[in-house]
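All remarks here apply to the structure that follows.
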Amino acid sequence: MGAVGLGCMPMSWGYSASQRHGDRSVRTVHAALDAGVRLLDTADMYGPFTNELLVGRAIKGRRSEAFLSTKCGLLVGDQHIVANGRPGYVRRACDASLRRLQTDVIDLYQLHRADPEVPVEETWGAMAELVTAGKVRSLGLCAVGAHAPRRSGAGPFAGTIRQLERIQQVFPVSAVQAELSVWAPEALEELLPWCAARGVGVLAAMPLGNGYLTGTLKPGQGFEPDDLRARHPRFTAEMMAANQPVVAGLRRIAERRGASVAQVALAWVLRQGLHVVPVPGAKRERWAVENAGAADVVLDDRDLAEIAGLPPARGSWD
């Protein structure tokens, strides 16, 4: 069975500000490492910058235990986010990430988003130079979301696959990060097979559906204004209620397996291939340890068939 990573973003960005506590987040990273988690995923835009600073603080003295992944390519401004793929920016961004992370090498450096004003080959070439310089060990690409605009008749990740085929001609892609979960399985159609055929790893982002697939969120509970779920089309009170059968199905399997709902959701992601690593976010030690334990939950054919038979998740875009 594969391993589970730790997405560090929720510790300082994207979710309720009232729930962010630096010391507790450091303890959460330590608890994850103690539980056998090795992949720590962050990005310079989270905060911005504060998440890398937190991770750097957390791994001080424990760097050899962590496979460190961070990202470049997006700049956060006042009420907007823009892509920057200029080679000079990439080099400066990497040096800044190294300083914040308090390390001399990044294990996986990911392009968060391609810059529409810069050929992706130029951006990727600058990232490849970082490998040659010994600042980075491997390169990855973050997939464009399944609900992003695409050509008529194209698959949900067709645009990402086109990018991958272009940059593979410049320097090998080691990993692709894409949303993958029980309620967002679109990456199974084309993206995972493409990666498997080429020996490319997959980092499954949001494998717990932004917390919904833990079974701990209640319809209509509301979110703080700065929480990304306050504007998410699957987190309106109506859609959270409509998607309860998804959680109920996972809970039935969890009770049968003596596991938590979250562990079943993560175990499903792990069953999608040995090249797939779920990267759930966690802000508390308890959740990080519980998530790591999903690697010990074995789903059989009956479990997988029940999950396959769950109704598709709905969002306010439907």
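Numbers at a glance
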{"item": "Close pairs from segment 52-70: first crowded, with 17+ Cβ neighbours inside 10 Å, partner of a type in the set (Val, Ile, Thr) and not in a helix (DSSP H, G or I), Cβ under 6 Å, at least 6 apart", "result": "Glu52/Thr42; Val55/Thr42; Leu68/Ile106; Thr70/Thr42; Thr70/Ile106"}
{"item": "Sole residue being at pLDDT 95 or above and within 17 Å of Gly209 (Cβ to Cβ), chosen from Val289, Val298, Val269", "result": "Val269"}
{"item": "Any hit, segment 244-257, residues being of a type in the set (Lys, Arg) and closer than 25 Å to Glu190 by Cα", "result": "no"}
{"item": "Qualifying residue in segment 234-246 (condition: charged (D, E, K, R), over 23 Å from Leu6 (Cβ atoms) and open to solvent by 40 Å² or more (accessible area, probe 1.4 Å))", "result": "yes"}
{"item": "Check on Val118, touching a helix residue (DSSP H, G or I) at 6+ places or on another chain (Cβ under 9 Å), at pLDDT below 95, open to solvent by less than 60 Å² (accessible area, probe 1.4 Å) and in a loop (DSSP other than H, G, I, E, B)", "result": "no"}
{"item": "Any chance Ala254 is aliphatic (A, V, I, L, M) and open to solvent by 10 Å² or more (accessible area, probe 1.4 Å)", "result": "no"}
{"item": "Scope segment 201-250; condition under 17 Å from the mean Cα position of the chain (by Cα) and among the aromatic types (Phe, Trp, Tyr); matching residues", "result": "Tyr212"}
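The values are calculated or read from the model by the stated rules, or taken from the named source; none is laboratory data. Note that the coordinates shown come from a computational prediction; the quantities given were computed from them, not determined experimentally. Glycine also receives a Cβ, built like all others from the backbone with ideal geometry; neighbour counts cover every protein chain displayed. Note: accessible area is taken over every heavy atom of the protein model, side chains too, but ligands, DNA and RNA are not part of it. Shrake-Rupley method; radii C 1.70, N 1.55, O 1.52, S 1.80 Å.
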